[in-house]
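Data first, discussion second: the structure below is written as structure tokens.
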Protein chains: 2
Amino acid sequence: MPAINLLDKFSRFSDQWSPKVIAELNGQAVKLAKVQGTFVWHDHAEEDELFFVVRGTLLIDFEDRETVRLEPGELYVVPRGVRHCPRTEGEEEVWLMLLEPISTKHTGEVEDARTVRTYDRL
Amino acid sequence: MPAINLLDKFSRFSDQWSPKVIAELNGQAVKLAKVQGTFVWHDHAEEDELFFVVRGTLLIDFEDRETVRLEPGELYVVPRGVRHCPRTEGEEEVWLMLLEPISTKHTGEVEDARTVRTYDRL
């Protein structure tokens, strides 16, 4: 396996809210996603989820805590079972690296038009 | 938990080859390390290990495959059981983000003067 360059991987897709798997380790998947706008409220009952911002500003709303604001080079772990809703501001497209168990469902038990059932690999 | 800013966390320590835990999820630890020079040959029998370069150039030597060269924004997963030796070039200090199971021993079953037994948290 060669080195994985994040910007090279980001250049290979343009669809939003559709994470792509770039690596796997210890039952976890490393994914990249481009997002813009407001996602859907959901949680993952058994999976903690790490958000790392590569470009732009990501906000994550919660029901039980203050909104988290993530700039490039910042990360946050959403604990399992915590309802959250990622969103961006204005027209900015935000680039994310995600880490979560391979088994994680995209929108938990919530169904949305953007729900991805099978993750592409890059 | 507030957002975790990598550069802020890096500013809080200066010792080399001594990873600091900045987050945990799904039994994995996210660690930061500053490194310079050549580490020790070792492997982790049961743990895959992700290296992500934040600053500088990291080389990882292997016995069974070509050396991997990682620049900032690049990552590599060293599979479990694969002997490897991270190193840097010249006098450059290299900043890394690591991901591996919380149980991972720093230098596997190898003992080295730099072996860390208890990881600090930042």
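Some points to look at:
Every residue, every condition in (1) among the charged types (D, E, K, R); (2) under 17 Å from B:VAL53 (Cα atoms); (3) part of a helix (DSSP H, G or I), yes or no:
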residue	(1), (2), (3)
A:MET1	no, yes, no
A:ASP8	yes, yes, yes
A:LYS34	yes, no, no
A:VAL40	no, no, no
A:GLU46	yes, no, no
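- Condition met for A:PHE62 (in contact (Cβ under 8 Å) with a residue 24 or more places away in the chain and among the aromatic types (Phe, Trp, Tyr)): no
- Unique residue being assigned to a strand (DSSP E or B) and farther than 19 Å from A:GLU92 by Cβ when the list is A:VAL30, A:VAL53: A:VAL30
- All positions within the range B:68-92 that are away from chain A (no Cβ under 14 Å) and farther than 21 Å from B:GLU46 by Cβ: B:ARG87, B:THR88, B:GLU89, B:GLY90, B:GLU91, B:GLU92
- Criterion: buried (at least 19 other Cβ atoms within 10 Å of the Cβ) and of a type in the set (Val, Ile, Thr) - qualifying residue of A:THR104, A:THR57: A:THR104
- Set side by side, the residues B:ARG114, B:ARG65 differ, and just one is facing chain A (nearest Cβ under 9 Å), at pLDDT below 95 and part of a loop (DSSP other than H, G, I, E, B), which is B:ARG65.
- Boolean, B:THR38 is more than 14 Å from chain A (Cβ to nearest Cβ) and either hydroxyl-bearing (Ser, Thr, Tyr) or under 13 Å from the mean Cα position of the chain (by Cα) (or both): yes
- Number of positions in the range B:68-98 that are surrounded by 15 or more Cβ atoms within 10 Å (Cβ to Cβ), assigned to a loop (DSSP other than H, G, I, E, B) and not hydroxyl-bearing (Ser, Thr, Tyr): 5
- Verdict on B:ALA45 being of a type in the set (Gly, Ala, Ser) and either within 11 Å of another protein chain (Cβ to nearest Cβ) or closer than 25 Å to A:GLU46 by Cβ (or both): no
- Search result, residues across the range B:9-48 that are among the aliphatic types (A, V, I, L, M) and crowded, with 20+ Cβ neighbours inside 10 Å: B:ILE22, B:ALA23, B:LEU25, B:ALA29, B:VAL30, B:LEU32, B:ALA33, B:VAL35
- Just one of the listed residues (A:GLU100, A:GLU109) is at negative phi and facing another protein chain (nearest Cβ under 9 Å), and it is A:GLU100.
- B:THR67 meets each of the listed conditions (1) farther than 21 Å from B:VAL30 by Cα; (2) touching a His at 6+ places or on another chain (Cβ under 9 Å) apart from (2).
- Tally, over the range B:3-31, of residues that are within 11 Å of chain A (Cβ to nearest Cβ) and touching a helix residue (DSSP H, G or I) at 6+ places or on another chain (Cβ under 8 Å): 1
The values are calculated or read from the model by the stated rules, or taken from the named source; none is laboratory data. Since we're looking at a predicted model, the values are computed, not measured. No Cβ is skipped: glycine too gets one built from the backbone with ideal geometry, and neighbour counts run over all protein chains shown.
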